[in-house]
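First the structure, in the form of structure tokens, and then the observations on it.
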Amino acid sequence: MKHMRQFLIILFFTCIGEILHEFIPLPIPSSIYGLVLLFIALNHGIFKINEVHDTADFLIDIMPIMFIPAAVGL
């Protein structure tokens, strides 16, 4: 359950980034909006780093696997 909560926090900021990307007409990717918002939330103590640390580490660990389909042209 702990990992699900952490994943939902990360997913929440990703979705907020997507929404901001639709309303703000700048050529900035929506993922950057989400990362900046997550950074601000962590920096101001809205969320503690321990609340997303384990899932963030897992997502970083599997990131190379996510690039395999694009690398082989699937």
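Every number here is computed from the coordinates shown, using simple stated rules; none is lab data. The structure displayed is predicted, hence computed values, not measured ones. Cβ: placed from backbone, ideal geometry, glycine included. Neighbour counts: every protein chain shown.
Odds and ends about this structure:
- Farthest towards the positive end of the charge dipole of the chain, among the residues 66, 46, 6, is the Cα of 46, using unit charges on the Cβ of Lys, Arg, Asp and Glu.
- Protection proxy ranking of 50-58, 23-31, by the mean of other Cβ atoms within 10 Å over each peptide's residues and highest first, is 50-58, 23-31.
- Across all directions, the shadow cast by the convex hull of region 2-62 built on its C-alpha atoms averages 4.4 square nanometres.
- Residue 47 long-range amide H proximity, modeled H, under 5 Å: 42
- Under 5 Å, built H, 5+ apart or other chain: amide partners of residue 28: none
- At least 18 Å along the helix axis (C-alpha) and Kyte average at least 1.0, DSSP helices within the chain: 30-43
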